[in-house]
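Notes for the one structure printed next.
The values are calculated or read from the model by the stated rules, or taken from the named source; none is laboratory data. What you see is a predicted model, and the numbers here were worked out from it, not measured in a lab. Here Cβ is always computed from backbone atoms with ideal geometry, including for glycine, and neighbour counts include all displayed protein chains.
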Amino acid sequence: MGIHDGHRQRLKSRFLSQGLESFEDHNILELLLFYSIPRSDTNEIAHYLLKEFKTLSGVFDAPVEELCKIKGVSLHTATLIKLIPEMMAVYHTDKTKDTKIVKSTSDAGKFFVPRFYGKKNEEVHVLLLDDKKKVIRCDKLFEGTVNSTPITVKKVVAAAVNSNATGVVLAHNHPGGVALPSARDLRATEKIFKALKLINVELCDHIIVADDDFVSLADSGEFSHYNY
């Protein structure tokens, strides 16, 4: 048995019985590093990482090349660290696959907030619904702002036509910002609403997401003509 084996087993057992709630940030990193560093003192490396990148999220968001500059961190270890937030993003998106019907602002928010988890760039998504508000599918239209109006209108209309949708919920995120629409967001949304109306498709809502918060334009007075 190695010098650190007893400590490693205790930390693993603590996690299995209690989860991560009582863990400090360095303990969480230390536990993760067990799986890429079988012999060295991962507690020390965890402290090096937190000293350099300040927070746990800072460690996970750090570029691979910066992680590899930390003493004891190999490319193998850096890859494991970067894998965690990417897996969490996939996990959150995957959970939305169980959503069958979206017929309210609350339903739309619950659907879209997880889909934008961990996204660093602004993305535009469109949720396509049938006449019973059942989910047909959800497409990521592109990375970029919803204010690229000609592009956005064309892509939203094409998605609706190709899926035979009768309802659309548009969504985009404000990474690192607040879940409030800009004036340009509002203008772009109204143009999309009018374009969809020409093909008898209803724009039910436009959801704007920031972290775990969201705003619905259908809930605002100016856009009360949007509805589910």
Quiz item: How about segment 214-227: which of its residues are surrounded by fewer than 19 Cβ atoms within 10 Å (Cβ to Cβ) and in contact (Cβ under 8 Å) with a residue 40 or more places away in the chain?
Solution: ASP219
Quiz prompt | Count - residues of segment 108-147 that are under 12 Å from PHE214 (Cβ atoms) and among the hydrophobic types (A, V, I, L, M, F, W, C) | solution = 5
Quiz item: If the Cβ limit is 6 Å and pairs must be 6+ apart or interchain, which residue in segment 173-199 that is assigned by TED's automatic domain parsing to the domain that holds VAL215 and part of a strand (DSSP E or B) pairs with which residue that is basic (Lys, Arg) and surrounded by 11 or more Cβ atoms within 10 Å (Cβ to Cβ)?
Solution: ASN173/LYS119
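Okay, residues lined up against (1) over 27 Å from LYS140 (Cβ atoms); (2) assigned by TED's automatic domain parsing to the domain that holds HIS172; (3) at pLDDT below 95; (4) crowded, with 16+ Cβ neighbours inside 10 Å:
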position	(1), (2), (3), (4)
LEU31	yes, no, no, yes
ASP41	yes, no, yes, no
PHE53	yes, no, no, yes
PRO63	no, no, no, no
MET88	no, no, yes, no
Quiz item: Residues in segment 137-145: is at least one not assigned by TED's automatic domain parsing to the domain that holds PRO63 and not in a strand (DSSP E or B)?
Solution: yes
Quiz item: Tell me, which residue of segment 123-163 that is charged (D, E, K, R) and touching an Asp or Glu at 6+ places or on another chain (Cβ under 9 Å) is surrounded by the fewest Cβ atoms within 10 Å (Cβ to Cβ)?
Solution: GLU143
Quiz prompt | Unique residue being within 27 Å of the chain's Cα centre (by Cα) and more than 30 Å from GLY167 (Cα to Cα) when the list is SER22, SER40 | solution = SER22
Quiz item: Within segment 160-172, is even one residue more than 22 Å from SER106 (Cα to Cα) and out of contact with any strand residue (DSSP E or B) (no Cβ under 8 Å at 6 or more places or on another chain)?
Solution: yes
Practice problem: Hey, could you check segment 47-93 for residues that are small (Gly, Ala, Ser) and outside any helix (DSSP H, G or I) and say which is farthest from the chain's Cα centre (by Cα)? | Solution: GLY72
Self-check item: Residues (farther than 14 Å from PHE112 by Cα and either surrounded by fewer than 18 Cβ atoms within 10 Å (Cβ to Cβ) or within 18 Å of the chain's Cα centre (by Cα) (or both)) located in segment 191-213
Solution: LYS191, LYS194, LYS197, LEU198, ILE199, ASN200
